Amino acid sequence: MFKVNGTEHSFEGLDPATPLLWVLRDSLGLVGTKYGCGIAQCGACTVHLNGQPIRACSTPMSAVEGQSITTIEGLAALDGRAEGALHPLQQAWIDHDVPQCGYCQAGQLMTAAALLKTTPHPTDADIDKAMSGNMCRCGTYTRIRKAIHAVADGGAS
Amino acid sequence: MTFSADSYFASVMGEFESLAPATKMQISRRSLLKLTGAAGAGLVLAFAIAPDAEVAAATTSKEFAPNAFLRVSPDGSILIYSKGPEIGQGIKTAFPMIIAEEMDAAWRDVQVEQAPINPKVYGRQSAGGSTSIPNSWDQLRRAGAAARAMLVSAAAKQWKVPEAECTTGDSIVMHAASKRQAKYGELALAAATLPVPDPTTLKLKTRAEYRLLGTRVSGVDNRKIVTGQPLFGIDVAMPDMVYAVYEKCPAVGGKVKRANLDAIKGMQGVKDAFVLEGNGTVSEVMPGVAIVATSTWAAFKAKAALQVEWDESSASRDSWTGAVLEAQKIAKQTGKQSITKNGDVDAALKSAAKRLEAFYSYPFLPHASLEPQNCTAWFKGDAIEMWVPTQTPERALQGVAHVLGLEQDKITMHQTRAGGGFGRRLVNDYACEAAAIAQKVSAPVKLTWTREDDMRHDFYRPGGFHAFTAGLDAKGKLVAWRDHFITFTSDGKSPVTGGNMPPAEFPLLLVANSELQQTMLPLMTPCGSWRAPRSNAVAFAVQSFIHELATAGGRDHVEFLLEIFGEPRWLPPANAGALNTGRAAAVVKLAAEKAGWGKPMPKGRALGLGFHFSHAGHFAEVAEVSVDAHKHITVHKVTVVGDIGPIVNMSGAENQCQGAVIDAISTMMNLQVGIENGRIQESNFTEYPILRMKDSPQVDVHFIQSDFTPTGVGEPAFPPAAPAIANAVFNASGMRIRSLPIRSQGVSI
């Protein structure tokens, strides 16, 4: 058993070595978490394991037994936000028109959300350090940094 | 001056077109509307009505759909179809903005959907060469203007007032004298009964009248992106879908001799494994082994266990290190071909006060879009339905039809958002493979390439070499220029895609005595268009060497460049898609001004300039860079100035420029693939380290919004960044970079 975005799932009979990424995408239909490299290099598959950002492509199902996972589809509902409301970072991503192709952005958002939990008012250096595991092939880094600052400065989290 | 789409295509899209055998439309954009009308279902001859049954039916019942690009519902909602592929360049937002502007629609009323693939209705549907905007500008404006004219006409009839007295704005028609107004939604049904005006008679807005164009509009898919909704090809899911992988020979041209298919078929989750012989066309299906499984992971695992013995008797044995040695050997020889010759270079060099030589090189590159190549296909006996993240859906249709031996009308193809393009998805090999696999599977099948597949089976940006010789007169003026360009050929006749240099390449037409020679080395490795093809590499070599010349002549780089540009003129003449030296000078001057050219700098820190014209865009960039004693480079800021005419979406255009600069830094600093024994040496991001946020600088973007036809911005901001940084590195440290990536020379970022 493990929880995804608050819902319990069982995966009996599944190879315990299966990476979480493919269970999310192929079995649960939660395709917001992306495949980019398969070796924890690009960060497109970032999800939260008990609030910590992890790489779903390199996390076997055996490691999430009894744990709680949050994916990009569950980010908005975190902290008891009403249905239809967005996480402030998601809103900031829209306001700053961050995405280009958009493929990496779910991972970027999950990492940024975890950063603001531990460091509500990050410096540029804090942001660079936290976000440097997430690649953006389109080069939207300038706007990601701006959007994170905007949320931190706005006092929302 | 009119914008010549055809010559523009010929100049910037040579490589793009050479891959497209059949359907280059031989019609001007203006006549396109008439043609599409004639080919349509016929409600009104002069304008396009989609033959698509759903759209046509909606036109006559409960909505106003004057053409295939838009519908207005009585509830006031406006649906606009974006005809071209969205690959991260923002076209799904920009195209509808152009229509909405001419329509005077309030952006908040607009919803956007991806148009079906139907070139008969929509004209060219592709994303490449930064041509989407210039090729569709007139067509989309007239689509919007037609709708506006009909809504005005409906209101004028209702109110019994002259149309000329009606004005529009914010999705409303107004008649000031009688203080009447009606929302577009209220007029929709009446407008739907009116004849569609001749698109050539419509009055289009002047730039001063724009309300939406030039403003900052957030991408129309952004909400779905940030909430993780399915959008991309790889997100497609069907009931009972199975998952496929495809293993090809690591050296292109290899065939399957034998494989452990029985062992693979016995693995958990594997449903089938089989050999495809392919059709031997590298842009369609090459030989390989397909594995079909119940999940992506089961397929990936089986692929890792797959053992294939390849027949490499006719496979590639390309070697990059071999090519480098050969290029160095022949650099000083006369090139085998003379591409262009102006004046007398030998005489000018002989009498030059200063003569300079330099050898530049750059490596092969994969596209590395973050979404790996993938495609979902469902073969249904005598027809196939497909979901393809592609830049060229029309070409995908042709390829699949060819591979399956089907008529194109038996193929239903859906465009999905693509997780990056960069030119990779101009070629649809992955779609052809998915179709070929689907033909053998009685269920919808999603083919997913692993990252390793993606890096090893690309159509690469070709590496290349430039052996320059140039001369300056006693005043430091450039009087002679020779470039011996060493590139690759796969057919022995012409350079590989993306590895050509035209006779008009800067600065050949601007130096009295200039020559471009070419020598081609043989190559089997497939090459393709890579963001700003040719320019992405040539700009580094040419603009760095120009800086070397300026320095050697004791000249200021800005002045030296302006002297080369000379008087404002078009080169070649009479083509708005060509270099305009006046526009070039303007972007260089403004970039220097905005970056503080000439300002005092601490030791080890300096500015550097790069200029390049490509894809009809004039761009100058100034980089501010520090170099420390350990050859560690910090890029503090890059100032970008571009002239691409009026800006459609300021936010999108700026984003493209910022991204292009970061992409360029990433590429020049760190990126290359080697080729040995026909095999690409790199396979994942550990060996292909794309720039991270910590190394990305501030990028300031400024546009000179000239009155020329707007042109694309996905590519032209890329080329000047590398020379700007390389020139800044020289100014800061005296270290001259003549080979990319920099990291191969003990330099780090």
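The charge dipole of the stretch A:2-76, taken about the Cα centre with unit charges on the Cβ atoms of Lys, Arg (+1) and Asp, Glu (-1), comes to about 280 debye, rounded to the nearest 20.
Sorted largest first, the spans of the alpha carbon positions of chain B along the three principal axes are 79, 74, 44 Å. Membrane-span-like helices in chain B, defined purely by DSSP H runs whose alpha carbon atoms cover 24 Å or more axially and whose average Kyte-Doolittle hydropathy reaches -0.5, are B:132-159, B:535-552, B:650-670. In percent, rounded to a whole number, the relative contact order of chain A is 24, using alpha-carbon pairs under 8 Å and six or more apart. If R0 equals 30 Å, the separation of the Cβ atoms of B:Asn342 and B:Glu593 corresponds to a calculated FRET efficiency of about 0.40.
Karplus-derived 3J(HN,Hα) values for the stretch B:503-513, using 6.51 cos²θ - 1.76 cosθ + 1.60 with θ = phi - 60°, are x, 8, 4, 4, x, 4, 7, 10, 10, 4, 10 Hz; glycine and proline are entered as x. Look at the dipole of chain B built from charges on Cβ: of B:Thr448, B:Asn731, B:Leu571, the Cα furthest out on the positive end belongs to B:Asn731. Database remark: amide H of B:His702 closer than 5 angstrom to the amide H of B:Val640, B:Val641, B:Gly642 (H placed geometrically; neighbours at sequence offset of 5 or more, or on other chains; Pro and chain starts carry no H). In the stretch B:541-576, which residues have a backbone nitrogen under 19 Å from the label point lying 7 Å from B:Lys475's Cα in the Cα-to-Cβ direction? Counting backbone N atoms under 19 Å from the label point, the list is B:549-568.
Oblate is the label for the stretch B:594-749, because the ratio a/c of its alpha-carbon gyration tensor axes (a ≥ b ≥ c) is 1.5 or higher and a/b is not greater than b/c. Distance between the pseudo-spin-label points of A:Asp153 and B:Thr167 (7 Å out from Cα toward the beta carbon): 3.7 nm.
The chymotrypsin sites (Phe, Trp or Tyr not before Pro) of the stretch A:1-105 include none that meets both conditions, a loop assignment by DSSP and at most 13 other Cβ atoms within 10 Å of the site Cβ. With R₀ fixed at 35 Å, the C-beta to C-beta distance from A:Glu65 to B:Asp75 puts the FRET efficiency at about 0.10.
Each Lys and Arg adds +1 at its Cβ and each Asp and Glu adds -1 at its Cβ; summed about the Cα centre, chain B shows a dipole of about 920 debye.
Overall, the anisotropy analysis places the protein assembly as shown in the rounded class: the square-rooted eigenvalues a ≥ b ≥ c of its C-alpha gyration tensor yield a/c less than 1.5. Charged side chains reduced to their Cβ positions (Lys and Arg at +1, Asp and Glu at -1) give chain A a dipole of some 360 debye around its Cα centre. Could you give the nm distance between label points at B:Met238 and B:Gln745, where each point is 7 Å from its Cα heading toward the beta carbon? Each label point lies 7 Å from its Cα, and together they span 5.2 nm.
Among the GluC sites (Glu not before Pro) in the stretch A:49-157, those placed in a DSSP loop whose Cβ has at most 15 other Cβ atoms within 10 Å are A:Glu65, A:Glu83.
When you filter the GluC sites (Glu not before Pro) in the stretch B:270-379 for DSSP loop state and at most 15 other Cβ atoms inside 10 Å of their Cβ, you are left with B:Glu277. Exceedance of the 32 Å cut-off in Cα-Cα distance is limited, within the set B:Lys83/B:Lys380; B:Lys493/B:Lys637; B:Lys475/B:Lys694; B:Lys205/B:Lys410; B:Lys329/B:Lys350, to B:Lys493/B:Lys637; B:Lys475/B:Lys694; B:Lys205/B:Lys410. Amide H contacts of B:Leu740: B:Ser361, B:Tyr362, each under 5 Å away and 5 or more positions distant or on a separate chain (H built 1.01 Å from N in the peptide plane; Pro and chain starts excluded). For the stretch A:85-152, a/c is not less than 1.5, where a ≥ b ≥ c are the root eigenvalues of the C-alpha gyration tensor, and a/b does not top b/c. That puts it in the oblate class.
If R0 equals 56 Å, the separation of the Cβ atoms of B:Leu325 and B:Asp198 corresponds to a calculated FRET efficiency of about 0.30.
Using a 7 Å offset from the Cα along the Cα-to-Cβ direction at both A:Lys3 and A:Leu86, what is the distance between the two label points in nm, to one decimal? Placing both labels 7 Å beyond Cα along the Cβ direction yields 2.7 nm. In this structure, the amide hydrogen of B:Ile117, modeled 1.01 Å from its nitrogen in the peptide plane, lies closer than 5 angstrom to those of B:Gln415, counting only residues at least 5 positions away or on a different chain.
We did not get these values from a lab; they are worked out from the coordinates using the rules stated. Since this is a predicted model, take the numbers as computed values, not measurements. Reconstructed Cβ throughout: ideal geometry from the backbone, glycine too, with neighbour counts over all protein chains shown.
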